[in-house]
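The values are calculated or read from the model by the stated rules, or taken from the named source; none is laboratory data. Values in this document were obtained by computation on a predicted structure and should not be read as measured data. Using ideal geometry, Cβ is built from the backbone for each residue, glycine included, and neighbour counts are taken over all protein chains shown. All accessible areas refer to the heavy atoms of the entire protein, side chains included, with ligands and DNA or RNA removed. Shrake-Rupley method; radii C 1.70, N 1.55, O 1.52, S 1.80 Å.
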Amino acid sequence: NNICTPKDGTPIISATQDFLTGSYLITRKDAFFHRSELSLFCCFMCDACDDFQLPPPAIMKPVKLWTGKQLFNLLMLPRKGAKSVVTGVDV
């Protein structure tokens with residue numbers, strides 16, 4: 001709601017190089033995260049009142065690891081029955 005200006009609806013912020021670089025680095029094919037790192041990203045990106053339903057890890061052995069793409073999906077839809085952050089529609 002606060003991303004667009006009330007004057008003409010133009011965006012206040014835009015995807016700059018930092019956002020694009022961060023998105024690329026997180027979603028690379030060789031980027032894997034431990035549960036603690038995944039939880040930390042979720043805490044940084046969302047409200048403290050939000051609860052998350054973690055997907056099954058992409059790698060189970062020798063250590064459970066999640067991919068960056070799973071992290072993005074988790075941030076867009078934190079749990080079943082939640083409203084999608086992108087569309088605002090119940091899923």
Count of residues meeting criterion [open to solvent by less than 100 Å² (accessible area, probe 1.4 Å), over 27 Å from Pro62 (Cβ atoms) and at pLDDT 80 or above] in the stretch 15-29
3
Selected residue (only one of Ile59, Ile12 is modelled with pLDDT of 90 or more, of a type in the set (A, V, I, L, M, F, W, C) and over 18 Å from the mean Cα position of the chain (by Cα))
Ile59
Which pairs have Cβ atoms under 6 Å, sit 6 or more apart or on different chains, and link a residue in the stretch 30-47 that is within 14 Å of Gln70 (Cα to Cα) and surrounded by 12 or more Cβ atoms within 10 Å (Cβ to Cβ) to one that is of a type outside the set (A, V, I, L, M, F, W, C) and modelled with pLDDT of 90 or more?
Ala31/Gly68
